[in-house]
1. List the relative contact order of chain B as a percent without decimals, with contacts defined as Cα pairs under 8 Å and 6+ residues apart.
2. Take the alpha carbon atoms of the range B:198-250, find their center, do the same for the range B:308-371, and report the distance between the two centers in whole angstrom.
3. What is the ratio of the Cα radius of gyration of the range B:29-117 to 2.2 N^0.38 Å, with N the residue count, to two decimals?
4. Just need the relative contact order of chain C here, percent rounded to a whole number, with Cα pairs under 8 Å and 6+ apart.
5. With just the Cα atoms defining each centre, how far is the range B:62-115 from the range C:99-144? Give it in Å.
6. Averaged over C:214-222, how many beta carbons belonging to a partner chain fall within 10 Å of each residue's beta carbon?
7. Return the FRET efficiency for the residue pair C:V227, B:V376: r is the Cβ-Cβ distance, R0 is 35 Å, and the value is rounded to the nearest 0.05.
8. Is the C-alpha gyration tensor of chain B telling us rounded, prolate or oblate? Criteria: a/c under 1.5 is rounded; beyond that, a/b larger than b/c is prolate, otherwise oblate.
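Derivation of every value follows stated rules applied to the coordinates shown; laboratory data play no part. Everything quoted here is computed from the prediction, not taken from an experiment. Here the Cβ is made from the backbone with ideal geometry for all residues, glycine too, and neighbour counts use every protein chain on show.
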Amino acid sequence: MAQPATSTLTTSPGGGRQHEDGTPRRDFLYLSAAAFGATGAVLTGWAFVHSMNPSADVLALSSTEVSLAALQPGQSITVTWRGKPVFVRYRTPEEIAKAKADDKADLRDPETDQARAKKEQFLVLLGVCTHLGCVPLGQKPTDPHGEFGGWFCPCHGSHYDTSGRIRKGPAPKNLEVPAYTYLNDTTIRIG
Amino acid sequence: MAKYDYVPSPFMSNPIVKWVDHRLPIFEMVDQQLIKYPAPRNLNYWWNFGSLAGVMLVVMILSGIFLAMNYQPNTLAAFDSVERIMRDVNYGWLLRYMHMNGASMFFVVVYIHIARGMYYGSYKAPREILWWLGLLIFLAMMATAFMGYVLPWGQMSFWGATVITNLFSALPLVGKSIVTWLWGGFSVDNPTLNRFFALHYLLPFVIAGLVMLHLWALHVHGSNNPLGIDAKGPQDKIPFHPYYTVKDAFGLSVFLIVYAYFVFFNPYVLGDADNWIPANPMVTPPHIVPEWYFLPFYAILRAVPDKLGGVLLMFGAIAILFVLPWLDTSRVRSGRFRPAFRVFFWVFIVVTITLGWCGAQLPEGIPLILGQVCTVLYFAHFLVFLPLLGWFERPRPLPASIAEPVLTPAAK
Amino acid sequence: MRSFKLLLAGAALVLSLGTAQASEAPEFPRQHWSHDGFFGTFDRAALQRGYQVYKEVCSACHSMKQMRFRNLAGIGLDEAQIKALAAEFETTDGPNDDGEMFQRPSRPSDRFRSPFSNDNAARAANGGALPPDLSLIAKNRKGGQDYVYALLTGYADAPQGVTVPEGMHFNKVFPGHLIAMNQPIQPDAVTYADGTKASVEQMAKDVTTFLAFTASPHLEARNSLGVKVMLFLFVLTGLLYAAKRKIWKGLH
């Protein structure tokens with residue numbers, strides 16, 4: 001009646017009715033059915049989970065163009081990119097000099113100013129404090145600029161310098177520089 | 001129900017299971033109510049539809065939650081937000097079609113489940129409350145489906161909502177105030193859409209609660225079976241697992257093939273083309289029909305020339321199901337042993353399907369007359385045929401037990 | 001059992017009678033579409049020709065609000081082509097720093113430009129009739145794509161006894177036969193880049209294919225996933241059937 005257990009894996013499930021309870025073939029059949037069903041459930045689950053990822057319309061809007069033509073030295077503008085503020089500052093020569101001088105300072109997150117600004121007069125930063133996501137102050141002349149003349153986050157007191165680097169306070173990283181390219185001398189595309 | 005000796009599954013002796021169960025006997029409940037649960041050994045494939053309905057409820061709730069993450073219940077944004085789901089959200093079209101066609105599948109399954117209960121007399125003592133709970137689930141499903149259909153804010157959404165809410169205006173004195181209250185304004189508009197969305201999200205969880213009660217009531221006396229006789233002893237029963245878990249799983253898989261066919265290859269066929277047109281309160285589509293699962297009731301509504309009468313009769317068509325356990329006077333449960341009942345049962349099925357067809361036609365000429373005839377037959381089934389059958393019908397002899405149906409040649 | 005069969009036959013008879021009585025809508029033939037069926041895919045060349053017809057003919061009056069230029073990737077255009085094409089149209093943006101709305105070239109993420117700024121403007125320019133949005137036209141009309149094709153090719157001289165009022169046109173398949181839209185596709189209305197002869201039937205077929213795409217842009221993804229799901233379910237059903245047989249074997 002019962003076939004040798006070794007033949008079970010090679011015969012198709014559903015055949016071999018002669019087996020009684022508890023034989024290896026039965027186990028293989030149940031396991032494959034259960035594994036198959038579970039795989040289907042997981043793959044279906046992926047479709048559900050993936051639906052929460054950014055959708056095609058969100059991804060299509062993930063770049064934004066900014067004109068810098070109207071900006072004067074010492075002025076800043078804030079633009080929205082992917083729902084977050086981006087700081088663009090036309091830095092004064094003094095600010096640039098200060099930032100470059102501080103390249104050699106004791107930095108928590110060492111980066112040279114040159115690496116952070118493609119053209120030294122225009123600094124482009126993601127205006128989100130790297131501590132817990134507040135928007136630092138310092139865009140308006142009347143704002144506090146912190147101890148290093150750049151930006152100051154009021155939530156937990158992080159001080160950023162004129163290159164947007166973290167100098168004091170709880171934030172672990174420099175203000176992020178988003179990916180951007182110059183389309184011409186006075187227009188950049190962020191993202 | 002025969003006394004059944006509970007022998008715990010091996011996993012019940014696991015120390016962690018024991019630790020948990022000492023504090024919250026959840027494993028014991030699962031073991032007793034799902035794994036070792038004694039079920040009649042002779043349940044046929046018509047008994048699959050209960051668990052299928054449960055699966056559909058889960059599918060609808062899950063797909064619905066993920067759709068709700070992208071849906072906007074505002075008249076200015078609703079239609080476009082649904083189109084955005086279809087076009088831009090990752091697998092959004094899949095979620096939408098699962099949900100849209102899932103409603104139809106849910107109703108197919110539940111209608112078969114109800115018909116099975118009617119054929120095999122599953123509503124009879126001691127299962128009347130089980131039957132009532134099922135009907136409450138059905139009512140909640142209808143409300144949920146109706147409000148869900150409004151959400152895409154297409155032409156049929158809008159005009160379906162207008163027509164159905166206006167049913168309440170048939171009530172004397174308070175009718176108009178009730179309709180204004182339902183709308184939250186003087187027409188179906190933003191407040192209506194907003195509250196329908198809130199309730200459409202809420203009601204499925206009410207249904208889930210009712211399903212729990214339904215199962216609780218079921219497990220008191222156990223499932224009815226195709227013979228309609230009570231189990232006489234342990235030889236009539238088998239543990240739910242693995243026998244019915246595997247049978248339900250197989251049935252589910254077959255069902256999923258049908259479901260997947262509609263979702264992937266024919267997703268529009270069960271819906272109305274007009275609902276892909278954004279709602280326009282100034283233009284009524286030439287032919288308003290509800291979704292197919294409401295058509296029999298819609299036909300009953302239109303069969304009566306009087307507004308209030310039609311509304312009452314339509315609600316009566318469901319209300320009468322609540323007293324079915326007492327209208328059926330026969331002491332034999334299963335239709336298998338009731339030759340005359342069987343004929344009337346199938347007449348009733350045909351009548352209901354014919355009503356559904358009439359509901360989809362313009363209410364004039366043959367469909368109207370046919371609808372009226374079938375409405376009379378529908379109610380006559382419950383009020384005349386079933387009570388009389390119990391007196392006049394001579395049932396066939398019942399088998400001695402579930403395990404020995406061979407003793408009497410089973411009718412088929 | 002016999003009575004039951006009789007009953008079914010009777011019901012079927014009644015149903016068929018009723019159907020015959022109820023169907024008075026104009027008939028139109030089913031066309032063959034490459035995107036029909038389990039393995040259907042859109043004919044890319046037809047889609048691109050169809051877009052050309054839409055752009056050069058239909059879009060003069062009809063909006064297509066659900067479509068964005070980036071969706072044209074689905075008809076086989078690459079990113080650079082889409083960008084260039086989008087830039088041909090203007091999109092209203094703003095307000096700018098002076099508080100004014102302004103026009104700028106469209107980007108791939110912008111919607112197709114509607115010919116009229118709102119429905120009332122569209123009515124005013126079209127003798128009171130609102131040209132419907134075409135995004136979903138292939139599935140929000142009874143008969144779907146076959147109806148659209150039949151309508152576009154269904155213009156004819158009115159038969160004897162039918163008076164066509166000023167501003168209306170006779171169409172064989174339009175419900176009521178009187179349609180405000182003049183025959184939109186005239187022979188050689190467009191010049192196809194691929195040299196296809198622009199007959200009325202060809203253009204109608206192409207633009208209907210494009211409209212079927214705009215109504216169901218996910219159709220190809222749906223079909224290909226559907227075939228996989230079906231194969232999976234067939235195997236799963238087989239396995240579960242075998243398991244069911246095994247488990248129940250000892251019982252009967």
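1. Numbers: 513 pairs, mean separation 90.3, N = 412.
Result for chain B is 22 percent.
2. What the calculation gives is 26 Å, centre to centre.
3. Working: Rg = 17.8 Å, N = 89, 2.2 N^0.38 = 12.1 Å.
After normalising by residue count via 2.2 N^0.38 Å, the value is 1.47.
4. Details: 297 pairs, mean separation 60.1, N = 252.
Taking the mean separation of contacting Cα pairs over the length of chain C, I get 24 percent.
5. 26
6. Details: counts 1, 3, 5, 4, 9, 2, 0, 4, 7.
Per residue, the average neighbour count from other chains is 4.
7. Numbers: r = 48 Å, r/R0 = 1.37.
Computed FRET efficiency for C:V227 and B:V376: 0.15.
8. Values: a/c = 2.13, a/b = 1.31, b/c = 1.62.
Cα axes put chain B in the oblate bin.
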